[in-house]
Structure formats: structure tokens, C-alpha cells
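Read-outs: derived from the displayed coordinates by stated rules, not from any lab. Not measured: the values here are computed from a predicted model. Cβ sites come from the backbone with ideal geometry, for glycine too, and all protein chains shown count toward neighbours.
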Amino acid sequence: MAATLVRGAARELAWLPSRQCVRHGSKAVTRHKKAIHFERQKILALTKYIAPKPAISESCMKPKVKADDTEKENLMEKFLCSQLENVIQDSKMLVVFQRCALGADDFLHLKHRLHKHEIYIKIFPLQVIRKTLGQSHLQALLPLFYGQTFLVVSPHAKVKEMLQAVRTAPQIQLLGACIENRLLSKQGVVNYSKLPSKELLQGQLVGSLTMLTAQTARLLTHHSTRLCTMLEQHSKEGGKETKDD
């Protein structure tokens, strides 16, 4: 009995299975980021830097330049520049106005009112005006050309007639002028319109010069005229004395 038990125990100890199942643990995933805590997410969202936006977008500040305009010469722009040069040379009065909210019909009526006095409205692109005036004696007028501006020109300095015609259109504003090669501000144009006409000034000048020459001639001949008068009176008195004798 004991011998059989010993043999059975030895048989159990000596037996080994032919196969063994070995389980390996899974590898830890290190590439996945750990989720941020909800409170920290709120703090990061509140403290996130927001760059300030410019008051005016860059697209409005910088005009788009086409490649064709830079490579090829713009013949239309060249033609308008030559026209503006002719207008400047032929005009004694060149006034800059800004058009704020004037309708097309009112603008056309203003053109007709000015045309009666040989005053004309000329509209040129800003690029043409800056290019032409930058090479002339009217460089000081360049800051006035901003936005919707136009020129009022005339071969004569009819400032008073122009202001009377423009008075009916308060939507346009007078900015400055060049009258007879003199740069004038808005108040200077108003003061110029209050001056008398050139013919009246010439008449006043001729009258004053004539009065001065007449006064000078009278002063020069005063002594001789007085001497002649005294001698004539003395001769008359001498003749009376001889008759009485």
C-alpha cells in the first residue's frame, strides 16, 4: 500500500505537460496625450492671447497692383495726363472741390450754371492728378485730392460768379484754389471774390494818377500865376492914378 502511494507521488512529480500557455502583458501606449483637466481647459481658454485687429484692413490701405499695369505702359493714363497739363496751362482759375452727396441731376444742373460764365468742371482719376501735379508748380494742392474730388477751371478769374453758382449746391465743399498763379485757401478765395473788378481798379488808379499830376502842375504854376495876377492888378492901379492926375 505504501509502495503504491510512493510510486504514484513520484509519477506525479516527474510528469510535465508538453505545452504551456504563457500570457504576456500588453505594452503601455505612450503616444496618446493625457486629457487635460476641465478646469485647466477653462483657464487656458480664458487666458489665450488674442491679437488686436487693425482699424483699417490691409486690403483697403494697399491698392492691388496688376502685373499688366506695371509691365505695360498705360496709354489711356498718358492721354489723360496730357489733357490735364493742357487744362492747367490754359486756365487762370483752378479750384478744387469735394463732392459729398450730390446727385447726378443736381451735378448736371451745376455744370450748366457754370458753363454760362465760361467755367467748366473737369474730373480726372486721382492717379492722373497726382502724377501730373507732382511734376508741376501745383504740388502744394496734392493733399487736397482725396476721395471724390473734381476741378473747376476757367480761362478767366471769375471767382464771384463761380461762388454764386456753387452756393445753390451745399453738398460740395470748396477746398482750395490756384488763381492767377497764386495758391489760396477757402477763406482766401472768398476774400478774392470781394475785390472789385480789374477794370474798376484800373479806372481808380488812372483817376488817382491824374489827380496827382494835376495837383503837381497846380503847385508848380501857383507862384507864377499869383505873380501875374499881382502885376496885372498893380498895372491897373497905376493906370487909374495917371487918369486922376
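General remarks:
- Efficiency of FRET between LEU220 and LEU200 - r from beta-carbon atoms, R0 30 angstrom, step 0.05: 0.45
- Relative contact order of segment 85-239, defined on C-alpha pairs under 8 angstrom at six or more residues apart (%): 31
- Here the peptides 84-91, 210-217 are ranked by packing, the mean other Cβ count within 10 Å, and the order with the highest first is 84-91, 210-217.
- Cross-link pairs beyond the 18 Å C-alpha cut-off, checked among LYS111/LYS160; LYS111/LYS186; LYS78/LYS111; LYS158/LYS194; LYS160/LYS186; LYS111/LYS131: LYS111/LYS186; LYS78/LYS111; LYS111/LYS131
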